[in-house]
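Participant: Before we start, here is the structure in question, set down as structure tokens.
The values are calculated or read from the model by the stated rules, or taken from the named source; none is laboratory data. Please read these numbers as outputs of a predicted model, since none were measured by experiment. Cβ sites come from the backbone with ideal geometry, for glycine too, and all protein chains shown count toward neighbours. Ligands, DNA and RNA are excluded from the accessible area calculation, which covers all protein heavy atoms including side chains. Shrake-Rupley method; radii C 1.70, N 1.55, O 1.52, S 1.80 Å.
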Amino acid sequence: LAKTTQPISMDSYEGQEVNITCSHNNIATNDYITWYQQFPSQGPRFIIQGYKTKVTNEVASLFIPADRKSSTLSLPRVSLSDTAVYYCLVGDGNNQGGKLIFGQGTELSVKP
Amino acid sequence: GAVVSQHPSRVICKSGTSVKIECRSLDFQATTMFWYRQFPKQSLMLMATSNEGSKATYEQGVEKDKFLINHASLTLSTLTVTSAHPEDSSFYICSARNSGSSYNEQFFGPGTRLTVL
């Protein structure tokens, strides 16, 4: 399974756009990129998933360059409630039974 | 969206006792469920893969006799921490893979906080 590298922490202010970049140099052809959000003492929550180019949903955008060796999660106009840990994962749904290996994640702190 | 529940949400027990944690997929079938453990300020660590109707697959370093996993139906997996000790105190999280999905959609439970005295 591809290993991911993310910044350990990031600080932002309310209303700003936050971009969290994840490196996954060893991503395989069949791997998808998935981002999860986790609040303290809660299970991770799915944010967004993509394979290439750009994916957008109601909460975030995911930018993936052509070589797919990195990806950037973009959170528009963050609020205090976006303070959480964000995990980037890569994997194939069928390889190794679909298990996900979590990296260290990025602890995002949004300040007023 | 798909919902995964865990029971109990919190448990406190004495050292040496066994604790069972349930993980249920409420509105979908899950032939595969996963169990994670998370210590404070750390990431989730995958413990084992639970397969319906067969033996669980444990990650390296996880004692299968210590952490018993049973996946007897398509909506329920249980994790039993046997002879729990204070070092087993942790946040245990399960996830369920939607068997009906073409891709690896995994949904996480809310977690169970285990405290061993």
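Participant: Yes or no: B:E63 at the interface with another protein chain (Cβ under 9 Å from one of its Cβ atoms) and open to solvent by 40 Å² or more (accessible area, probe 1.4 Å)?
Facilitator: For B:E63, the condition - at the interface with another protein chain (Cβ under 9 Å from one of its Cβ atoms) and open to solvent by 40 Å² or more (accessible area, probe 1.4 Å) - is not met.
Participant: Moving to a separate point now. Report whether or not B:V19 is surrounded by 15 or more Cβ atoms within 10 Å (Cβ to Cβ) and in contact with a Cys (Cβ under 6 Å, 6 or more places away or on another chain).
Facilitator: yes
Participant: Would you pick out the residues in region A:53-96 that are open to solvent by 30 Å² or more (accessible area, probe 1.4 Å), outside any strand (DSSP E or B) and either within 11 Å of chain B (Cβ to nearest Cβ) or among the charged types (D, E, K, R) (or both)?
Facilitator: A:E58, A:D67, A:K69, A:R77, A:D82, A:N94, A:N95, A:Q96
Participant: I need a count of the residues in region B:102-117 that are away from chain A (no Cβ under 12 Å) and surrounded by 19 or more Cβ atoms within 10 Å (Cβ to Cβ).
Facilitator: Number satisfying all stated conditions: 2.
Participant: Name the one entry in B:S73, B:S83, B:S99 that is at positive phi, loosely packed, with under 15 Cβ neighbours inside 10 Å and of a type in the set (S, T, Y).
Facilitator: The match here is B:S83.
Participant: Among the numbered conditions (1) assigned to a loop (DSSP other than H, G, I, E, B); (2) open to solvent by less than 20 Å² (accessible area, probe 1.4 Å), tell me where B:C94 comes up short.
Facilitator: (1)
Participant: Give me the residue from region A:23-52 that is of a type in the set (S, T, Y) and more than 14 Å from the chain's Cα centre (by Cα) and, out of that set, nearest to the other protein chains (Cβ to nearest Cβ).
Facilitator: Going through the qualifying residues, I end up with A:S41.
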